[in-house]
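Quick note: the coordinates plus some simple rules give every number you see, no bench work behind them. Just so you know, these numbers come straight off a predicted model, no measurement behind them. Here Cβ is always computed from backbone atoms with ideal geometry, including for glycine, and neighbour counts include all displayed protein chains.
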Amino acid sequence: MSAWLAPALAYLPQWLDYQIAQLGLPGASVAVAKDGAVSLAHASGVADLQTGEALTPAHCFRVASHSKTFTTAGILRLLDAGRLRLDDRAGSHVAGLHPEVARATVSQLLSHTGGIIRDGEDSEQWVHRRPFLNDAELRAALAEPPTLPPNTRMKYTNHGFGLLGLIIEAVTGETYNTWIARDVVAPAGLAETYPDAPLPEGTPLAKGHAAPALLGRRYGVPTDTCTHALASATGFVSTPSDLVRFFGQLATTSPSTLLSFESRREIARPLWRIPGAVVRHYGLGTAHGETGGWTWFGHGGGFPGVRSFTVVVPEHGIAVSVCLHATDGDPQGMVENILRILQVFATNGPADPALADWAGRYWSLWGASDFVPMGNKVLVALPNQGNPFADGSVLTPTGSDSAMISEANGYGSYGQTVRLVRDVSGTVREILFAGSHLKSQQDAAAEAIARYET
């Protein structure tokens, strides 16, 4: 493990816990892997607001459209085995399709460019008003004409990945769930991942939660729904730890033999611009982007009451996954902010041991400030921000207990002094920051109660 990574992983749970409390989310589960090994698995909050059950890293989540990347890995394993080709027409494997749907290639289906309707004319399964489509219903929908001609644009489609599930069944002669569990999930070494519900008895599953805007409070949303014929598009259940293990194996830099090097190059290649305000691309079952100069690929998922996002940064051998069980959570934003936090640690390096006494979280009426030594300086992070180090102050030590604010924005206290305040035992009790006493949470809370609530 890189020397900078350990202190970065030590800081991430502090930032995440603050974010969850501030945003009023039920909880969050996050995992970070380095070179295929899980280096951090952290959960914050509760698995179910109604019962108060604590959320743990072992809790599974409905990871929904992450299923598309598992399906893509399955297709590429069949490609590696010579059992199909990316330019195969869907109709060469599955009968009864509309002629234009039948002409769509496997590659077009994997990249959402076959022009197929997203969720059909009745998509009420996404609000629990109907079950997910069974095999006959999916086949009937695929007998209808596509929405667009193929290769027109990237147009997301769950039905298209449902068709890929039918192709896998036609090629293997087995059900999708049986084959994908044995030939993709098991070889990847994933012990907490399932193609669909219901789950094995005793498997902990986080409950979904709706946003509080409608009722003025959150309410629970069940997540144990079976997705039937659309498991290949949205059925998967997993943990962040298993997701980072899986996505890490898809990078060309991985020693994994889950896929051939050629297939991993295919899955890691961006193909189509995703229409939208932010520049992102889609490849074969993977989304592609860049954050702070780090290029990544991965996928997200949205299920009733649950949202998730996972990326791998091949250049650095790092994979990050965040699962949130609330419809108003932003897992992609959290993942990208985690990458930004990691970048700050990577740039500045591990801290000089002499700065250990500067580390800690200190409070005032305005909130918390995290003092984080890196290299030969101390960075001041604001954990209430998505990117806590953005525009933060930097302290350059001038003595064992003193420093100068050597970097700050125009509204900050650039050039002013900062000092550690110790008690009689020599323990740091406060930080005097540009004339303002920042206190421990316990002392700040006692002061707030005495001043404002007594």
- Query: How large is ³J(HN,Hα), in whole Hz, for each residue of the range 432-449 in order, when computed from phi with the Karplus curve 6.51 cos²θ - 1.76 cosθ + 1.60 and θ = phi - 60°, using x for Gly and Pro?
  - Reply: 8, 9, 6, x, 10, 7, 9, 10, 5, 4, 4, 5, 5, 5, 4, 5, 5, 5
- Query: Which residues in the range 357-378 place their backbone N less than 19 Å from a point set 7 Å from the Cα of Ala448 along the Cα-to-Cβ direction?
  - Reply: 360-371
- Note on the structure: Labelled set (1) 106, 49, 40; (2) 70, 39, 33; (3) 81, 47, 39; Cα extents along the principal axes in Å computed from this model equals the value at (3)
- For the chain, build the charge dipole from Cβ charges (+1 Lys, Arg; -1 Asp, Glu) around the Cα centre, then report which of Asn409, Trp4, Val244 sits farthest towards its positive end. Asn409
- Query: Gain in length, Gln50 to Met404, computed as 0.36 nm per residue apart minus the alpha-carbon separation, to one decimal in nm?
  - Reply: 122.6 nm
- Item | Spatial extent of the range 353-452: Rg and Dmax, with the Cα atoms as the point set, Å | 13.2, 40
- Task: Could you work out how far the C-alpha centroid of the range 151-200 sits from that of the range 67-95, in angstrom?
- Result: 11
- Roughly how large, in nm² to one decimal, is the mean projection of the convex hull of the alpha-carbon atoms in the range 1-89? 9.2
- Listed highest first by mean packing, meaning other Cβ atoms within 10 Å per residue, what order do 313-320, 13-20, 2-9 come in? 313-320, 13-20, 2-9
- Message: At 0.36 nm per residue, and after removing the present C-alpha to C-alpha distance, how many nm does the segment from His98 to Glu290 gain when stretched out fully?
- Response: 65.3 nm
- Item | Sequence-separation-based contact order of the chain, relative, with Cα cut under 8 Å and 6+ spacing, percent | 16
- Order of 424-434, 23-33, 228-238, 247-257 by packing, highest average Cβ count within 10 Å first? 228-238, 23-33, 247-257, 424-434
